[in-house]
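**Student:** The following block contains the structure, expressed as structure tokens.
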Amino acid sequence: EDLRGAYDLPSTYGGSGQTVAIVDAYDDPNAETDLAHYRSEYGLPECTASNGCFRKADETGGTKYPAGNRSWAKEISLDLDMVSAICPKCHLLLVEASSNEGTRLAAAEKKAAELGATEISNSYAEETPPETHQEAEAYDHPGIPITASGGDRGYGVVWPAANPNVIAVGGTTLKPAGGRGGWTETVWSSPGGELSGTGSGC
């Protein structure tokens, strides 16, 4: 409710008929189970494979899922949870690339569009944009908003956020504004260290 209220979203009744695709690498074998726990905890309607709300596919659209990876599984879980929070009535499509190589992620991206996604979310970034013709083409689906992470290392352009057909999304911290009511939002940052903050660029 906090997230929907902060952005004044009509999510309690909106989202019907939409399918948000989450594209990530490797397999999260517990994706549906973890999603069920999250949605139950926050009073959201069930979203399962059996009721048609949740679907998981490999990068070819099948069920031969890639090898598991704990780091990517955390990202998958976070992505599914946040889409659930923002749009409880949206269907969820998880497409898992066989690896984190750009060509494999691009293949999963293309498959997400083919499987009927109405929006596609990507929470990954590479410092050096590959942008081969095939990879660039995979992120070009007119009528389907595509978002991608702006990265974690401060100033600098990353791929696929740099693709002109992709909406680059930077991380922010959202906090209650205290006595004034409402919310404050600041750009995510981490002082020092390798991870210096959300990406940006001209």
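The values are calculated or read from the model by the stated rules, or taken from the named source; none is laboratory data. Keep in mind the model is a prediction, meaning the values are calculated, not measured. No Cβ is skipped: glycine too gets one built from the backbone with ideal geometry, and neighbour counts run over all protein chains shown. Remember, those area values only see protein heavy atoms, side chains included, never the ligands or the DNA or RNA. Shrake-Rupley method; radii C 1.70, N 1.55, O 1.52, S 1.80 Å.
**Student:** Which residue is most open to solvent (accessible area, probe 1.4 Å), if the candidates are limited to segment 137-152 and must be assigned to a loop (DSSP other than H, G, I, E, B) and at pLDDT 95 or above?
**Tutor:** Checked segment 137-152; the qualifying residue most open to solvent (accessible area, probe 1.4 Å) is P142.
**Student:** Kindly indicate the residue of segment 1-50 that is modelled with pLDDT of 95 or more and among the acidic types (D, E) and also nearest to T103 (Cα to Cα) among those meeting that condition.
**Tutor:** Per the criteria, the residue is D24.
**Student:** Take segment 44-66 and flag every residue that is open to solvent by 70 Å² or more (accessible area, probe 1.4 Å) and either part of a loop (DSSP other than H, G, I, E, B) or touching a Gly at 6+ places or on another chain (Cβ under 9 Å) (or both).
**Tutor:** Scanning segment 44-66 gives E46, S50, N51, T60, T63, K64, Y65.
**Student:** Which pairs turn up if I take residues in segment 108-132 that are over 17 Å from I22 (Cα atoms) and look for partners that are modelled with pLDDT under 85 and open to solvent by less than 40 Å² (accessible area, probe 1.4 Å) with beta carbon separation below 9 Å, at least 6 apart in sequence or on another chain?
**Tutor:** E127/G156
**Student:** If you take the residues in segment 114-130 that are in a loop (DSSP other than H, G, I, E, B) and out of contact with any helix residue (DSSP H, G or I) (no Cβ under 8 Å at 6 or more places or on another chain), which one is modelled with the lowest pLDDT?
**Tutor:** If we take residues in segment 114-130 being in a loop (DSSP other than H, G, I, E, B) and out of contact with any helix residue (DSSP H, G or I) (no Cβ under 8 Å at 6 or more places or on another chain), then P129 is modelled with the lowest pLDDT.
**Student:** In contact with an Asp or Glu (Cβ under 8 Å, 6 or more places away or on another chain), open to solvent by less than 40 Å² (accessible area, probe 1.4 Å) and within 24 Å of G14 (Cβ to Cβ), is that true of L80?
**Tutor:** yes
**Student:** Check whether at least one residue in segment 155-164 is over 24 Å from Y38 (Cβ atoms), modelled with pLDDT of 95 or more, assigned to a loop (DSSP other than H, G, I, E, B) and open to solvent by less than 70 Å² (accessible area, probe 1.4 Å), and report yes or no. Outline the logic, then answer.
**Tutor:** First pass over segment 155-164, keeping only residues over 24 Å from Y38 (Cβ atoms): 155-164.
Among the residues that remain, those that are also modelled with pLDDT of 95 or more are: none.
Taking every residue of segment 155-164 in turn, none turns out to be over 24 Å from Y38 (Cβ atoms), modelled with pLDDT of 95 or more, assigned to a loop (DSSP other than H, G, I, E, B) and open to solvent by less than 70 Å² (accessible area, probe 1.4 Å).
**Student:** Here's a follow-up. For residues in segment 86-106 being aliphatic (A, V, I, L, M), in contact with a helix residue (DSSP H, G or I) (Cβ under 7 Å, 6 or more places away or on another chain) and open to solvent by less than 10 Å² (accessible area, probe 1.4 Å), which is farthest from Q134 (Cα to Cα)?
**Tutor:** L92
**Student:** C53 passes all but one of (1) within 23 Å of T173 (Cα to Cα); (2) without any contact (Cβ under 8 Å) to a residue 40 or more places away in the chain; which number fails?
**Tutor:** (1)
**Student:** Name the one entry in E41, E109, E119, E126 that is open to solvent by 20 Å² or more (accessible area, probe 1.4 Å) and within 13 Å of the chain's Cα centre (by Cα). Before you say what the answer is, go through the steps one by one.
**Tutor:** Details: E41 fails: within 13 Å of the chain's Cα centre (by Cα); E109 fails: open to solvent by 20 Å² or more (accessible area, probe 1.4 Å); E126 fails: within 13 Å of the chain's Cα centre (by Cα).
Residue meeting the stated conditions: E119.
**Student:** Among (1) open to solvent by 40 Å² or more (accessible area, probe 1.4 Å); (2) touching a residue at least 12 places away in the same chain (Cβ under 8 Å); (3) not hydroxyl-bearing (S, T, Y), there is one condition L35 misses while meeting the rest; what is its number?
**Tutor:** (1)
**Student:** For residues in segment 165-189 being surrounded by 14 or more Cβ atoms within 10 Å (Cβ to Cβ) and part of a loop (DSSP other than H, G, I, E, B), which is modelled with the lowest pLDDT?
**Tutor:** Across segment 165-189, the extreme among qualifying residues is W188.
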